Amino acid sequence: MIIKSNNKLALVTGSSKGIGLSIAKQLDKIGVKVILNSRSSINKKILKEFKNDPLHFKFDITNLKKLELSYKKIKKKYGNIDYLICNVGFSSSPKQKQFEISEWKKIFEKNFF
């Protein structure tokens, strides 16, 4: 995929480690300004691995009020988000070998909404 990166802004949810961080680094390499997102603070060393000075917004995307507040702050300060990479995922460990339907519903709702 070729992305025109001039003056583009990407929000990568769940990007303090793992796949989300890798995606953010790849976007940074092609010149996209990246907003990292996590529920907790990130190691400042991570920010030094980027060439385009990434931003970090700490909020839980499953909390609608915090999500809306953070989005308003981002939009006011940086304008529109050009790319949204939804990387956050939720699961849990079954107590038995299989999930109950209620657990599947909980997992679906957290990941979908």
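Where the eigenvalues come from the Cα gyration tensor of the chain, what are the semi-axes √(5λ) of the equivalent ellipsoid, largest first, in whole Å?
Those come to 29, 16, 13 Å.
Among 100-111, 80-91, how do they line up from the highest to the lowest mean number of other beta-carbon atoms within 10 Å?
The packing order, highest mean first, is 80-91, 100-111.
At a Cα cut-off below 14 Å, give the aspartates and glutamates reachable from K48, other chains included and same-chain residues fewer than 8 away excluded.
Partners found: D28.
For the chain, with only Lys/Arg (+1) and Asp/Glu (-1) charged at the beta-carbon, what is the dipole magnitude about the Cα centre, in debye rounded to 20?
380
Okay, helix-only estimate at 222 nm for the chain: each DSSP H run of n ≥ 4 adds -39500 (n - 2.57), divide by all residues, round to 500 deg cm²/dmol; what do you get?
Per the formula, -11500 deg cm²/dmol.
Would you kindly state how much longer the chain becomes between F99 and F113 on full extension, computed as 0.36 nm times their sequence separation minus their alpha carbon distance, in nm to one decimal?
3.0 nm
List residues of the range 45-64, by number, whose backbone nitrogen lies under 11 Å from a label position 7 Å along Cα→C-beta of F90.
61-64
Provide the per-residue ³J(HN,Hα) series for the range 18-28, in order, calculated from phi with Karplus coefficients 6.51, -1.76, 1.60 and θ = phi - 60°, each as a whole number of Hz, with x at glycine and proline positions.
Result, ordered by residue: x, 4, x, 5, 4, 4, 4, 5, 5, 4, 4 Hz.
List the lysines whose alpha-carbon lies under 27 Å from that of K105, not counting same-chain residues fewer than 8 positions away?
Within the straight-line limit of under 27 Å, K105 reaches these lysines: K17, K58, K65, K66, K95, K97.
Past 21 Å, Cα to Cα, is the threshold; run K33/K75; K25/K110; K76/K106; K76/K110 against it and keep the listed order.
Distance filter (> 21 Å) returns K25/K110; K76/K106; K76/K110.
Just so you know, all these numbers are worked out from the coordinates, no wet-lab data involved. Quantities reported herein were computed from a predicted structural model and do not represent experimental measurements. When we count neighbours, we look across all protein chains shown, and the Cβ atoms used for this are built from the backbone with ideal geometry, even at glycine.
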